[in-house]
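The values are calculated or read from the model by the stated rules, or taken from the named source; none is laboratory data. Owing to the predicted nature of the structure, the values given are computational and were not obtained by experimental measurement. For neighbour counting, all protein chains shown are included, and Cβ atoms are generated from backbone atoms with ideal geometry for every residue, glycine included. Just so you know, the surface numbers come from the protein's heavy atoms only, side chains and all, with ligands and any DNA or RNA stripped out. Shrake-Rupley method; radii C 1.70, N 1.55, O 1.52, S 1.80 Å.
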Amino acid sequence: MKKKTWLIISVISLVIIMISVSVYREVFAKGPSVETTNMKQEEISSTLMIPGTVKLEEEQIIYASPEKGELNEILVAEGQEVKKDTVVAKLQNPQLELEMEQNKLSIESANLKINQLDKQLKLLKEKEKTLADQVGKEEAKKQLEPEYEQLDMEKKLANLDLKQTTLQKDMIEKRQSELEIRSTIDGVVLSVNKPDSSSLENSMAEPIIHIGKLDAIVATGLLSEYDTLKVISGQKVILRSDAVLDQEWQGEITKIALLPVQNQTALQNGSQAVQYPLTVKLTGDTKTLKPGFQVIMEIETDKKQANVLSIDALYDDGDQPHVYIVKDGKAFKKTVQTGITSGTKIEILEGISKEDQVIINGPDSIKGGMEVTVK
């Protein structure tokens with residue numbers, strides 16, 4: 001009885017093993033299942049990704065100016081709207097006031113000197129007239145000529161003194177006008193900070209008044225020398241920020257600097273790398289952006305019609321990039337020449353045709369000649 005039971009178990013086990021082998025062969029003999037796609041002609045463009053910083057297009061930052069004078073009065077408050085040429089602060093300079101008083105005295109003295117010489121000249125002419133009645137005009141003129149020359153010389157010197165003091169007055173008045181600090185733009189007072197006299201050095205490092213135009217925002221970044229050849233003023237830009245997810249802003253390139261800004265660290269290391277400042281003006285609703293936000297500026301370049309393929313079809317094992325195509329149930333390796341990349345698509349210049357079934361998202365273990373099953 002036991003022998004019969006073991007015989008039945010053995011037969012059942014053998015049947016299970018045979019079925020398992022059959023299933024294994026059925027599943028794996030055909031190789032892995034793969035998806036395929038075809039190369040298509042579509043519009044494609046490459047993009048530059050440039051980090052940037054949001055700034056106000058127009059702003060005025062006013063610092064303490066001890067060389068001009070001490071801050072006497074701030075005439076605006078934070079949040080206040082101001083027009084261009086509005087006096088926002090006043091300075092005082094006692095030394096300048098003293099110079100003005102001295103200048104007034106110098107001008108007054110020069111004018112008195114000139115008036116005195118004019119009176120002497122008038123008296124000398126009367127003297128010449130009286131003397132001419134006695135000795136004749138020619139002789140009178142000859143005798144008084146040295147006095148005329150002396151008075152003429154003194155008057156010229158007095159006029160030079162007056163001219164010099166008048167020039168000094170103009171310079172002092174210009175310095176006095178600088179004691180009134182005026183707004184150079186229409187905008188809003190963003191911050192007011194009255195300097196602390198107990199910490200003059202620190203207070204000079206901070207602006208006393210910051211005025212900005214909030215409805216005009218730009219983003220600035222740096223381009224490499226190669227990237228400057230790909231962009232021009234007027235190009236459209238898409239901006240994104242990690243601070244405001246799932247939102248993007250539109251912009252337009254307004255300026256590409258003609259001269260580069262050299263990186264001091266790079267220069268110290270012996271590198272000649274240079275970068276060119278780029279300015280992008282934002283359009284539309286920019287209320288969620290604030291000055292100082294870091295953004296990524298996406299600039300579209302090289303827009304054209306091209307044969308493209310999903311980048312997921314491409315393999316690159318350190319050799320030339322390649323793909324696998326399916327033909328007669330087998331995978332064949334094809335080396336391809338690629339062009340520009342745009343998002344999830346890549347340009348294929350040569351190596352395959354539009355009719356080829358290209359494996360997409362294939363297994364890493366795929367090899368040329370391997371049998372595959374197309375899903």
message: Going residue by residue through the stretch 113-130, is there one that turns out to be outside any helix (DSSP H, G or I) and among the charged types (D, E, K, R)?
response: no
- request: Residues being open to solvent by 40 Å² or more (accessible area, probe 1.4 Å), modelled with pLDDT of 90 or more and of a type in the set (Ser, Thr, Tyr): count how many of those fall in the stretch 225-244.
  value: 1
task: Scan the stretch 203-212 for residues that are at pLDDT 90 or above and either more than 22 Å from Asn93 (Cα to Cα) or not in a loop (DSSP other than H, G, I, E, B) (or both) and report the count.
output: 4
Ala273 surrounded by fewer than 16 Cβ atoms within 10 Å (Cβ to Cβ), under 30 Å from Leu222 (Cβ atoms) and of a type in the set (A, V, I, L, M, F, W, C): yes
- prompt: Taking Lys155, is it farther than 30 Å from Ile181 by Cα and outside any strand (DSSP E or B)?
  reply: yes
message: Can you find, within the stretch 148-202, the residue that is surrounded by the most Cβ atoms within 10 Å (Cβ to Cβ) among those that are in contact with a strand residue (DSSP E or B) (Cβ under 7 Å, 6 or more places away or on another chain) and modelled with pLDDT under 90?
response: Pro195
statement: All-but-one check, Ser342 against (1) surrounded by 11 or more Cβ atoms within 10 Å (Cβ to Cβ); (2) more than 30 Å from Ser241 (Cα to Cα); (3) at pLDDT below 90, failing number (2)
task: Those residues that are open to solvent by 40 Å² or more (accessible area, probe 1.4 Å), without any contact (Cβ under 8 Å) to a residue 24 or more places away in the chain and under 30 Å from Glu298 (Cα atoms), I need them from the stretch 320-339; list them, please.
output: Gln320, Gln337
- line: Exception for Glu252 within (1) within 30 Å of Asp186 (Cα to Cα); (2) touching a residue at least 40 places away in the same chain (Cβ under 8 Å); (3) open to solvent by 30 Å² or more (accessible area, probe 1.4 Å) falls at (2)
Wholly enclosed strands (runs of 3 or more DSSP E) of the stretch 260-375 bearing at least 2 residues in contact with a strand residue (DSSP E or B) (Cβ under 7 Å, 6 or more places away or on another chain) and within 28 Å of Gly52 (Cα to Cα): 274-283, 294-310, 337-342, 345-350
task: Select, from Lys104, Lys113, the only residue that is within 30 Å of Lys68 (Cβ to Cβ) and under 60 Å from the mean Cα position of the chain (by Cα).
output: Lys104
query: List the pairs whose first member sits in the stretch 113-132 and is under 16 Å from Asp152 (Cα atoms), whose second member is open to solvent by less than 100 Å² (accessible area, probe 1.4 Å) and outside any helix (DSSP H, G or I), and whose Cβ atoms are under 6 Å apart, counting only residues at least 6 apart or on separate chains?
result: none
